[in-house]
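J.: I'd like to ask some things about the structure below.
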Number of protein chains: 4
Amino acid sequence: MLGAVYRGAHHVELCTDLAMPTVAEPGDAVVRVTRSAICGTDLHPYRGELPDFAAGTVLGHEFTGVVVEAGVAASVKPGQRVVGSDIVACGRCPMCIRGWHYQCADVTLFGYSTVVGRSLGGAQAEYVLVPHADVVLAEIPDDLTDEQALFTGDVLATGYQATLAAGMAPGDTVVVVGGGAVGLTAGLCLRVTGAGAIVIAELAAERRQAAAQLGFLSSHPDELPGLVAQLTRGAGAPVVVEAVGTDAALGLALSVAGPQATVVSVGAHHGVAFPFPTGAAFARELTVKFVVGNPIRVRDTLFRLIASGRLDPTAVVSHRLPLTDVVNGYDLFDRQEATKVVLVHG
Amino acid sequence: MLGAVYRGAHHVELCTDLAMPTVAEPGDAVVRVTRSAICGTDLHPYRGELPDFAAGTVLGHEFTGVVVEAGVAASVKPGQRVVGSDIVACGRCPMCIRGWHYQCADVTLFGYSTVVGRSLGGAQAEYVLVPHADVVLAEIPDDLTDEQALFTGDVLATGYQATLAAGMAPGDTVVVVGGGAVGLTAGLCLRVTGAGAIVIAELAAERRQAAAQLGFLSSHPDELPGLVAQLTRGAGAPVVVEAVGTDAALGLALSVAGPQATVVSVGAHHGVAFPFPTGAAFARELTVKFVVGNPIRVRDTLFRLIASGRLDPTAVVSHRLPLTDVVNGYDLFDRQEATKVVLVHG
Amino acid sequence: MLGAVYRGAHHVELCTDLAMPTVAEPGDAVVRVTRSAICGTDLHPYRGELPDFAAGTVLGHEFTGVVVEAGVAASVKPGQRVVGSDIVACGRCPMCIRGWHYQCADVTLFGYSTVVGRSLGGAQAEYVLVPHADVVLAEIPDDLTDEQALFTGDVLATGYQATLAAGMAPGDTVVVVGGGAVGLTAGLCLRVTGAGAIVIAELAAERRQAAAQLGFLSSHPDELPGLVAQLTRGAGAPVVVEAVGTDAALGLALSVAGPQATVVSVGAHHGVAFPFPTGAAFARELTVKFVVGNPIRVRDTLFRLIASGRLDPTAVVSHRLPLTDVVNGYDLFDRQEATKVVLVHG
Amino acid sequence: MLGAVYRGAHHVELCTDLAMPTVAEPGDAVVRVTRSAICGTDLHPYRGELPDFAAGTVLGHEFTGVVVEAGVAASVKPGQRVVGSDIVACGRCPMCIRGWHYQCADVTLFGYSTVVGRSLGGAQAEYVLVPHADVVLAEIPDDLTDEQALFTGDVLATGYQATLAAGMAPGDTVVVVGGGAVGLTAGLCLRVTGAGAIVIAELAAERRQAAAQLGFLSSHPDELPGLVAQLTRGAGAPVVVEAVGTDAALGLALSVAGPQATVVSVGAHHGVAFPFPTGAAFARELTVKFVVGNPIRVRDTLFRLIASGRLDPTAVVSHRLPLTDVVNGYDLFDRQEATKVVLVHG
C-alpha cells in the first residue's frame, strides 16, 4: 500500500509497497484512511530535531477513515466511519480512568512512537493499524464530514485543552503565542468560550495574515508587549497560551502575563533549562500549566460544538493535497507557506 | 424631587415632591440618577403578589448616575459616573468576604427593602441614597455608556450568574425557561461562553419573537419537550436555566433536563411546596441550584465583556421612556408588551 | 452453587443448586466470590417497596473475589484478586467517557437489574458473572485485604461521592441525615477531608450509638434543628448529606441547610412529588445535588486512602456471617440491628 | 514605645522611644499588639538578601492585639480583639473584589513595605498603625486565644493557600520541600484535608525532628527522590509544595513530581533565571502555581477549622519570648534553632 515514510532529516518518501496492517490483538482494528493531516509536531523529526526518531517510520497521527477489520474486543465494526486519537492508550488503567491517557503506561503515538512509547505506524498511508480501538477510535456523527472531525484527533483537541486549562473569564484579553494550526484552533476555542480581544503573536507574516483573516488581532513578537500593555491598560494578559514549544516562546508568554494569570503551554517542549523568572512569577502569582491535548476525553464535546455551527475547524486548513503529494506537503509546511495541510486519500 | 412611588397593587404614582436624600453615615453617597430600569422583580409588588410590600416605597433597583455627595468612607467622589448594585451589603463580614453578598446580615435592596432587609428607597427617582457606597457603587469605565453599564446592576449580573452556575460544556444545547429580560440576558451570556443551540421557552408570543430576533430558538412551553428531545436525540438538555420563579416554570425546567444536567433557577421563588420529582432527579443525577445575581462580584468582568464588543446588553431594551412616563412603563411591562423598559432621567 | 435468591417481600432463600455462570461474551469474566455485603439498597425489594423487582433474582452488588474465567476482552486474568463495581457499564460510550457510568445506555446493577437495566445476577453467591469486566473489576492492591476493598464497590464510593459533591471548606459543620452504612461512610470521608463537627441524624438508637462510637455527634431527627442552630450560631449547616432516600429525610436535610449551602442526596429516591420549599431555597441560594456513587471512577483514590491508614471502611461492619447465614443477615439488617453485614464466602 | 527596628544585615535593635502611631485616615486603626511573630520572610532582610530593604523599618507582620483607636471608616471599635493580615489592601478595587488582594494597586506589607508597596511600620512593637482596617483586621472569635489566631495573619493562611492550590485527592502522597513554619503549617493543612503520607524535606536536622514530632515523615533532600519513588511505586508525587523560595528548593520539588502533578510554590522567590526543565514538565503534564497566602480571604475558614479542634497552629511554635527579647529571637531563628518564635507583648 501507499504511505509516507520518514527517511531522515528533510527526507520523506512516498512508498508504494508498504505491508498492509492486519489485526493481531483482540483490541486491534484496521482503518482505511480517508483523510490525514500533517501536524506541526511532524516538523520536529522532519527538521532533524529528534535524533532518536526511527528512520522507516510511517508518519501521521491525525486521521479519519472507515473500519475494514476489527478484533473481537475492538468495539467497532467494519464499515463504521471513525476518527482516531493521536494518543493510543489502554483506557483501563488508573491513569486512563482519571482521564490522563497520555500518562498511561502503555501510551504510544501513531507515527511518532519511537520517541514516545512502543513502535506504531502512522496514518499518512492507505491503511492504519489501531490498537485499543475501543478507546482510540470514535464514530463520526452523521452530521459531521470527515474533514470536520479530523482535527478532533489532535490539533483541535489540543486547542480546546488549552481553553479548558486557561480558566478564562468572559471578556478577558487573551494572548496566543504561535500562529500555527494549534495556535489558531486555540484561538477559535477561546473565542467561542468568551474571550474578549485575542492576540496571536507570530513571526511569520503569512501566518499573521491567516490569523487576521480568522478575525484575530495579530502581532509580531517584538510588538507584543506593547500591544498587550495597551489592551490591558498596563496590567498584562490574564490568559496566555504558548503554542510553539520553544524557550523563546515560553519566555515571551511569561513576559506578557498579568496578575494571577494562567500561562498554558501546549507546545511540545524538549528543553532542560529554560531560564524561568521565579521572582516575577511569585510577585504576579502566576500559574503555569503544561498540557497535552486529549482527543479521547474531549472529542465528543467537540463533535457537538462543531455540529452546532459555533466552531469550524476546517477554517485553519490552508492546503488540501492528494496523499500522493505528501512530499510536497511536508516541504510547504516546513517553509511555513502552509498553516495546515490535509491529505485526501484514495 | 421626582420619583415613582408604590401605592398598592397596579398603582404606581409619579410624585414630584419627594424629599432629597442626604448623606447620613460615613459610607453613604447620594447619586443623581441618569438611567434606571423597570425589572421583572418589580412586577411582584405591582401585581399585588407581595402583601408585605410597603406602600410609599420609591421603586427601582437598577440605575446609573453621577455622585453628587459622598461620606468620608464612601470611596467615591462627586462627579464620578457610577452604576449601582441592586444588592446593598456591607462588603466586610464573612458572608461578603466569600462573595455571598446576598447573605450579608445587613443586606437590603433598593426599592424593595420592606420585603428583604431594612428600608431603603429606590432609584426610579431623581436622586438615590446609597449606603455602603464603596461596595455598592462601581465607577463606569470610560468606554461604556450609562445604558451599556445599567444592567450590570441586576439582570445582566443575574444572567451571567446563571451561566457561571451552569457549568456548561461548549456546544451544549441549553434551555432557558422564560423569555423576559433575565432569560434573554442569560441566553446572551450562555451564547458568548459557548452554548450550542439555545432554546427560550416562553408563553408570550411577543417575547418569543424578541428571542428569535436575538438569534435564539424559541418555543411555546407546550412544545418544549418535543423540541428538546429532537435537539438532543432524546437525551434531554445538559443545562436548563429557569428564569421565571414559579412552580410551573421549575417543573418545566426539570422535565427537560437530561443525564447529569444542571438546572439553575434564577427566578425569584416564593413557593413552599413545589412537587419535586425526586425519583427522576436521582435517576438522572441532577443538580439544582438556586442562585441570586451578584453585581458586586461580577460587574468588573461584565464591563470587560461589554467593552470587548462580544455582548451587547442593550439589545434586550424594548422601550426607552422619560422618567415622567414611568407609570406608563409599568403598564406596558405588566402587559408583557415590553421586554425591558429603560427610564431616561433628567 | 450456593446463592441468596429473592422470592418476594421478606423472603430471601438460600439456594444450593444455582447454575454456575460461564463466560458468554468476550468482555465477560467469572469471579469466585470471597466477600459480599448486604446493602441498604437491598432492603427496598426486601421490604416489598419495589413491585417490579423480579422474584428469582440472585441478590448482592458489593463483592470481592478471585477471577476464575475471563473472556478474551476482559482485561483480567484467572487468579487475580478483584473488587467489583455495583454499577455495570460499557466504559466506552460518551456517558462513560465523561465518567457518568450510571447514565450509560447499557447500565445495569448486579442483583438489582430488573429495576435498573437488563437482567444480571448478584454476588451473594459462590460465583458471579461480570460483564464488561475490564471496566467493572479492579485488581485489589497487595496492601489491602478483601474486606478493606469490599466497600469501594458501593457504600464507600457513595460516601466519597457525597464528599466530592459537597464542596466543603475545612472546618465546616456538616450534617448527615441517616446513620446507615452510607451515612457513616460519608461521615468518615467528610472527616478525613476536613469537616469540623459532623452530626449524624438518625431515628434508630442503635445506629446513633454506632455513630457515636465512630466519633461523630449524633442526634435524633427531632433534635437536629436545635443542635445545628447551636453549632452554627443560628446560621444553618453549610453542607448536608441526605443518605436515606425518603421525602422526610430530604425535608429534614433542607430544613437545616444554611446560606449558600450544598445539600447532597445520595439516598436512592423513588418519589414523584416531594414538597420542595423553593422560596427558602432561593432566599438561602441553596444547591441540591442528587448523586450516585461511582466505584469505577473513585476506587483507585479510595485504595490509596485506605492503604494510607487515614480511613478504615471496615469500621462500619457490625456483623460478619457465613454466606450460609444470609437469610439471618437480611433479617438482622431489616430490623436495623445491623449497620452493615459482611458475608464471608467459602 | 518599644519596637524592633531593622538596622541592616544581622542587626535588629530593640528601640524604646519609637513614636506612637495615630489615626490619620478615616480607614485607619491603631492596635495595641498582644502577640507578634518572627517569620521566615523576615530572614531575607536579616540576612542582607534584600539590599533595598530600608534601615529604620519597624519589623513584624504577624500580630494580634486590641484596637485602641479607630477612624470613622475603620469598621472596628476600641476594645475589640483582632488579628491582622500581613497583606494590606484596599478591599474595593477589582483586584480585591476578585480576592486578589496581593495584586491591589495599593498593596503593602507591615514591616516590609519598602520592598513591596508604600512605607508602613511593622507589628513587633507595642502599637501598630493599620490602614484599611475594615479589610486588614478581623475580630478574633471568642473561642480562640490570641496565639491560636495569630498565624491566620500569615503562615497558616499561606499553608492553607498551598492546600487550596494543590487540588489533592484524599490519600495522595504529598511532599513539602522546607520544614520551616510555612512548610509545617502546609503539612498540617494538607493532613486535615485528606493527604495520605506527608513527607517534609528539610536540610536542618532540628527541623526534621520537629516535623517528625508533628507526625510527618521527614527526609533529607538528598534522600527525597528515593523515598518518594518508594512511596509512590516509582510514579512520583501528585502534589508537591515548595515552601522555601530558592531555585534549589524548586528544582527539588519539580524532580519528585509525578504525572499530572501540581507543584505549588509558596516560598517567596526573587530569582530571575531558574533552570526550568520544560521537556520533563511537558512529558508529565505538570502544573506549577506560585501563590501568596491571603489571610483576608481565608481566615474566617481557618477560625472555624481551629475552633473545631481539627487543626492546632500553635503546634509549630518552638519559642515564646517577651518582646524585649526580640533580638535574641532573630538570632535563634537565623541559626534555625527555632521553628517559629512568638513574641509576647506587654
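What follows draws every value from the coordinates through simple rules; no lab data is involved. All values derive from a computational prediction rather than experimental measurement. When we count neighbours, we look across all protein chains shown, and the Cβ atoms used for this are built from the backbone with ideal geometry, even at glycine.
J.: Enter the mean number of other protein chain beta carbons within 10 Å of the beta carbon of each residue in A:170-178, as an integer.
T.: On the way: counts 15, 13, 4, 2, 0, 0, 0, 0, 0.
Counting Cβ atoms of other protein chains within 10 Å of each residue's Cβ and averaging gives 4.
J.: Determine, from the Cβ-Cβ distance of residue C:233 and residue C:312 and an R0 of 30 Å, the FRET efficiency 1/(1 + (r/R0)^6), rounded to the nearest 0.05. Working shown, then result.
T.: Working: r = 33 Å, r/R0 = 1.09.
The value I calculate is 0.35.
J.: Same structure again: Just the number, please: Stokes-Einstein D of chain D in µm²/s, Kirkwood Rh from C-alpha pairs, 37 °C, 0.692 mPa s. Write down the numbers at each step before the final one.
T.: Values: Rh = 20.2 Å.
Estimated via Stokes-Einstein, D reaches 162 µm²/s.
J.: For a footprinting-style exposure proxy, rank D:342, D:31 by other Cβ within 10 Å, fewest first. Mind showing how you got there, number by number?
T.: On the way: D:342 22, D:31 29.
The order, fewest Cβ neighbours first, is D:342, D:31.
J.: Any idea what the residue A:10 label distances to the other copies are, label 7 Å down the Cα→Cβ vector, nm, shortest first?
T.: Sorted ascending, the copy-to-copy spacings read 6.1, 8.7, 8.9 nm.
J.: Could you size up the charge dipole of the protein assembly as shown around its Cα centre, putting +1 on the beta carbon of Lys and Arg and -1 on that of Asp and Glu, and report it in debye to the nearest 20? Write down the numbers at each step before the final one.
T.: Details: 88 positive and 132 negative charges, 1 e Å.
Here the size comes out at about 0 debye.
J.: For residue D:69, list long-range residues whose amide hydrogen, built 1.01 Å from N in the peptide plane, is under 5 Å from its own amide hydrogen.
T.: Amide H neighbours of residue D:69: D:30.
J.: Relative contact order, percent, of the stretch C:177-221 when contacts are C-alpha pairs under 8 Å separated by at least 6 residues? Write down the numbers at each step before the final one.
T.: Details: 55 pairs, mean separation 17.6, N = 45.
It comes to 39 percent, rounded to a whole number.
J.: Going by amide H atoms built from the backbone, whose H comes under 5 Å of the H on residue D:217, apart from near neighbours?
T.: Distant-sequence amide H within range of residue D:217: D:198, D:200.
J.: I've got another one for you. Once you order the gyration tensor axes a ≥ b ≥ c over the Cα atoms, which shape class does the stretch A:185-229 get: rounded for a/c under 1.5, otherwise prolate or oblate by comparing a/b with b/c?
T.: Numbers: a/c = 2.51, a/b = 1.29, b/c = 1.94.
The shape class here is oblate.
J.: Sticking with this structure for a sec: In whole Hz, what ³J(HN,Hα) sequence does the stretch C:42-47 give by Karplus (6.51, -1.76, 1.60; θ = phi - 60°), x for Gly and Pro?
T.: 5, 6, 4, x, 4, 8
J.: Per-residue Cβ counts within 10 Å, from other chains only, averaged over D:190-201: what number is that?
T.: Counting other chains' Cβ atoms within 10 Å and averaging over D:190-201 gives 4.
J.: Which one of A:86, A:142, A:172 has the biggest mean-square fluctuation once chain A is modelled by GNM with Cα springs under 10 Å?
T.: A:142
J.: Hey, another quick one. Can you tell which of C:170, C:286, C:212 lies farthest toward the positive end of the dipole of the stretch C:156-290, using +1 and -1 charges on the Cβ of basic and acidic side chains (Lys, Arg; Asp, Glu)?
T.: C:170
J.: Let me ask you something else. What are the distances, in nm and sorted shortest first, from the label point of residue C:213 to the label points of the same position in each other copy, with each label point placed 7 Å from Cα along the Cα-to-Cβ direction?
T.: 3.7, 7.1, 7.5
J.: Right, here's the next one. If you take each beta carbon of peptide B:261-268 and count the beta carbons of other chains within 10 angstrom, what is the mean? Don't skip to the answer; put the middle values down first.
T.: Numbers: counts 0, 2, 1, 1, 5, 1, 2, 4.
Counting other chains' Cβ atoms within 10 Å and averaging over B:261-268 gives 2.
J.: Another question, if that's okay. Relative contact order for chain A: what is it in percent, counting Cα pairs under 8 Å that are at least 6 residues apart?
T.: Working: 845 pairs, mean separation 61.2, N = 346.
Once normalised by length, the contact order is 18 percent.
J.: Give the relative contact order (percent, whole number) for the stretch B:156-290; include only Cα pairs under 8 Å separated by 6+ residues. Provide the component values of the computation, followed by the final result.
T.: Details: 277 pairs, mean separation 32.0, N = 135.
After rounding, I find 24 percent.
J.: Separation of the stretch A:26-86 and the stretch A:122-165 by C-alpha centroid, Å?
T.: 9
J.: Here is a further query. Determine, for B:97, B:140, the number of other Cβ atoms within 10 Å of each Cβ, and report the residues in order from fewest to most.
T.: Working: B:97 20, B:140 23.
Ranking B:97, B:140 by Cβ neighbours within 10 Å, fewest first, gives B:97, B:140.
J.: Something else about it: Considering the options D:272, D:237, D:250, tell which one lies farthest towards the positive end of the dipole of the stretch D:156-290, charges being +1 on Lys and Arg and -1 on Asp and Glu at the Cβ, about the Cα centre.
T.: Among D:272, D:237, D:250, the one farthest towards the positive end of the dipole of the stretch D:156-290 is D:237.
J.: Also: Label points 7 Å out from Cα along the Cβ direction at residue A:209 and residue A:24: separation in nm?
T.: For residue A:209 paired with residue A:24, the spin-label model returns 4.7 nm.
J.: Given the peptides A:265-271, D:60-66, arrange them by the average over their residues of other C-beta atoms within 10 Å, most packed first.
T.: Descending mean neighbour count gives D:60-66, A:265-271.
J.: Provide an ascending nm list, one decimal, of label-point separations from residue A:52 to the equivalent residue in each further copy; define each label point as 7 Å from Cα along Cα→Cβ.
T.: Output for residue A:52: 4.3, 5.5, 7.0 nm, nearest copy listed first.
J.: Then there is this: Name the chain A residue with the Cβ nearest the axis that maps A onto B: which is it, and what is the distance in angstrom?
T.: Per the A/B rotation axis, the closest residue of A reads A:193, 3.
J.: Which net charge results when you count Lys and Arg as +1 and Asp and Glu as -1 among the other residues whose beta-carbon is under 11 Å from that of residue C:267? Before the final figure, lay out each step's value.
T.: Details: positive: none; negative: C:242, C:247.
Taking every other residue near residue C:267 into account, the sum is -2.
J.: With a point put 7 Å past each Cα toward its Cβ, work out how far residue C:331 is from residue A:328 in nm, to one decimal.
T.: Label at residue C:331, label at residue A:328, 8.6 nm between them.
J.: Checking the a/c ratio against 1.5 first, then a/b against b/c, what shape does the Cα gyration tensor give for the protein assembly as shown? Spell out each step's value before the answer.
T.: Numbers: a/c = 1.24, a/b = 1.22, b/c = 1.02.
The shape class here is rounded.
J.: Would you mind giving the average projected area, over all directions, of the Cα convex hull of the stretch A:36-113 in nm² with one decimal? Write out the running numbers ahead of the final one.
T.: Values: hull surface 25.4 nm².
Approximately 6.3 nm², given one-decimal rounding.
J.: Which of the three applies to the stretch D:187-315, rounded, prolate or oblate, going by the alpha-carbon gyration tensor with a ≥ b ≥ c and a/c under 1.5 meaning rounded? Let's see the in-between values first.
T.: On the way: a/c = 1.65, a/b = 1.35, b/c = 1.22.
Cα axes put the stretch D:187-315 in the prolate bin.
J.: Could you tell me the center-to-center distance, by alpha carbons, between the stretch A:188-236 and the stretch A:295-346 in angstrom?
T.: 22
J.: Please arrange C:324, B:246 by counting, for each residue, the other beta carbons lying within 10 Å of its beta carbon, fewest first.
T.: Details: C:324 14, B:246 18.
By the 10 Å Cβ count, ascending, the order reads C:324, B:246.
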